[in-house]
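Below is one structure; the comments refer to it alone.
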Amino acid sequence: MAEEAYQQTAIKMVNIEKYFGVVCALRDINISVGKNEIVGLLGDNGAGKSTLVKILTGVYSPTRGDMFIAGRKVDFKNYNVRKAHDLGIETVYQDKSLGEKQCLWRNFFIGRQITNSLGFIDIKKEKAIADEIMIHTIGFRGKGITVESKVSQLSGGERQGVAIGRAMHFQAELIILDEPTVALSLKEVRKVLNFVHKIKEAGKACVYISHDIQDVYEISDRFIIIDRGEIVKSIVKTEISLKGLDDFLLEYAHGLKDNG
C-alpha cells in the first residue's frame, strides 16, 4: 500500500506481530492514531499494552509487520529509542521522568542542549524557551514556581505537566502517556488531565494508557481495547457511554467474551 495513504496519521501499525520464542505477545495489530487525536489504549494486565508501546518507542522490534510515522515507513533494522525520539515519538511515564535535583529549565533540555557558536550551552536561550513552554504551551500556573525551581519543589501533577510540556516542545508526532496519574490525589489528577487537553489543543497525537476508565473516557476521542495480544475493538467516544465502556471491559476481564 502506498505511503501516501498514511499522510493524515501520526502513526500507523500494520499487521504487527511480536513473538518471544514460541510465545506470541502480539498478533495482527493494526492501529492508527490520527494527527490531533487522543486514543485511549485499554486492556487488562498482560494484555500486550507494554509490548505494543515498546515497539512504538523502539525498545523492541516486531517479528513481522510495518509501521509508519507521519507517512514515512520505519526501517526496524535501524529503529531504536534514539531514532524514535528523532522521528517524534515521546513518552511520559508514571514517574522518574525528571531529574529531582535539577532546575526545571535544565530538565527541558536534558540530552538536547542548545549550544552557541562556541559549543557552550546557551543558558539564557534555554531558560527563555522553558519559560515560554511553561506559561504559554501548557498553561503552568503553579504559585511560586519558575524555571529556576527544582523538580523536588513540584507536586506530582506539576511534574507530569513539565514532562508533557517537554514532549510537546520537541515537535512530537505522538506523545505516549503511560499511567501518568498513578498514585496522584484527585486534585493532582485534574492538573494532569488539564495538561493532556493542551496536547490536543496543540494539534498533537496522543496515546493515553491508564487503568482509570473515567480519566481515559474524559480525555480520549477513541478507545482501542487489547486483549491477550490482539486488538478486539476500536470504539469512537460518541458511540459509547462511560458505563458502556466499563461494562465492555468487564466482560473481557471475566472471560465472558470467550466462545463456549
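Assorted remarks:
- Per-region count, segment 166-184, residues open to solvent by 10 Å² or more (accessible area, probe 1.4 Å), part of a loop (DSSP other than H, G, I, E, B) and either modelled with pLDDT of 85 or more or of a type outside the set (S, T, N, Q) (or both): 7
- Residue ID - surrounded by the most Cβ atoms within 10 Å (Cβ to Cβ), chosen from residues in segment 128-153 that are under 17 Å from Phe109 (Cβ atoms), in contact (Cβ under 8 Å) with a residue 40 or more places away in the chain and not acidic (Asp, Glu): Ile138
- Within segment 80-100, none of the residues are farther than 23 Å from Thr57 by Cβ, in contact with a Ser or Thr (Cβ under 9 Å, 6 or more places away or on another chain) and surrounded by 15 or more Cβ atoms within 10 Å (Cβ to Cβ).
- Restricting Lys77, Lys54 to residues that are open to solvent by 40 Å² or more (accessible area, probe 1.4 Å) and within 16 Å of the chain's Cα centre (by Cα) narrows the list to Lys54.
- Remark: pairs (first residue in segment 237-251, among the hydrophobic types (A, V, I, L, M, F, W, C); second residue open to solvent by 60 Å² or more (accessible area, probe 1.4 Å) and part of a helix (DSSP H, G or I); Cβ separation under 8 Å; 6+ apart in sequence or on different chains) = Leu242/Gln214.
- Output for segment 5-43, where each listed residue is hydroxyl-bearing (Ser, Thr, Tyr) and free of Cβ contacts under 8 Å to residues at least 40 places away in the same chain: Ser32
- Counted residues, segment 103-120 - those being open to solvent by 60 Å² or more (accessible area, probe 1.4 Å) and farther than 23 Å from Asp86 by Cβ: 3
The values are calculated or read from the model by the stated rules, or taken from the named source; none is laboratory data. Everything numeric here is computed off the predicted structure, so don't read it as measured data. Because the Cβ atoms are built from the backbone with ideal geometry, glycine has one as well, and the counts that use them run over all protein chains shown. Quick note on the areas: whole protein, heavy atoms, side chains included, nothing else; ligands and nucleic acids left out. Shrake-Rupley method; radii C 1.70, N 1.55, O 1.52, S 1.80 Å.
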